[in-house]
Amino acid sequence: QVQLVESGGGLVQPGGSLRLSCAASGSIFRLRAMGWYRQAPGKERELVAGITSIGNTVYADSVKGRFTISRDNAKNTVYLQMNSLKPEDTAVYHCNFYPADLAAWGQGTLVTVSS
């Protein structure tokens, strides 16, 4: 079973940037579409961005032009570059397959955007 471990979260001021990483175990990573999801306090988990095995991407309207998802299949890693962060981006960010696999949710990484 694939394990996904997120990292890179933290506290950042509005307008700042962060880069999240998700390291995956297992050889099937390169064959699977991957996604970044987030869950803000009191809200349902939502898809932020997805990337197919060949690099096609999709973004939530709220992050288009600010966030970039990418992947390095040689490193079994998917990234989320987040620029121009806003307080409403505050959430726990998770990576998972796209569509999500219920068995693959990890702990996530907390991103807090605040001055």
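How big is the dipole moment of the chain about its Cα centre under a simple scheme where the beta carbon of each Lys and Arg is +1, that of each Asp and Glu is -1, and everything else is neutral? Debye, nearest 20, please. Walk me through the numbers on the way to the answer.
On the way: 11 positive and 8 negative charges, 45 e Å.
Result for the chain is approximately 220 debye, rounded to the nearest 20.
Averaged per residue, what accessible area in Å² does the chain show with a 1.4 Å probe, protein chains only? Don't jump to the answer; show the numbers that get you there.
Working: 6090 Å² over 115 residues.
Normalised by residue count, the accessible surface of the chain is 53 Å².
For LYS86, give me every one of the lysines with a C-alpha distance below 21 angstrom, ignoring sequence neighbours fewer than eight places off in its own chain.
LYS43, LYS64
Sort GLU44, GLU6 from largest to smallest accessible area, using a 1.4 Å probe on the heavy atoms of the protein chains.
On the way: GLU44 160, GLU6 20 Å².
Solvent-accessible surface, decreasing: GLU44, GLU6.
Run the simple label-point estimate for SER70 and THR57 please: 7 Å along Cα→C-beta, distance reported in nm.
About 0.9 nm, to one decimal.
Can you give me the % of accessible surface on the chain that is carbon or sulfur? Probe 1.4 Å, all protein chains present, nothing else counted.
Carbon and sulfur together cover 50 percent of it.
Hey, how much of the P(r) for region 19-78 falls beyond 19 Å, as a percent of Cα pairs? Let's see the in-between values first.
Working: 548 of 1770 pairs.
Above the 19 Å cut-off, region 19-78 has 31 percent of its Cα pairs.
The values are calculated or read from the model by the stated rules, or taken from the named source; none is laboratory data. All of these numbers come straight from a predicted model, not from anything done at the bench. When we count neighbours, we look across all protein chains shown, and the Cβ atoms used for this are built from the backbone with ideal geometry, even at glycine. Keep in mind that these areas ignore ligands, DNA and RNA; they rest on the heavy atoms of the full protein, side chains included. Shrake-Rupley method; radii C 1.70, N 1.55, O 1.52, S 1.80 Å.
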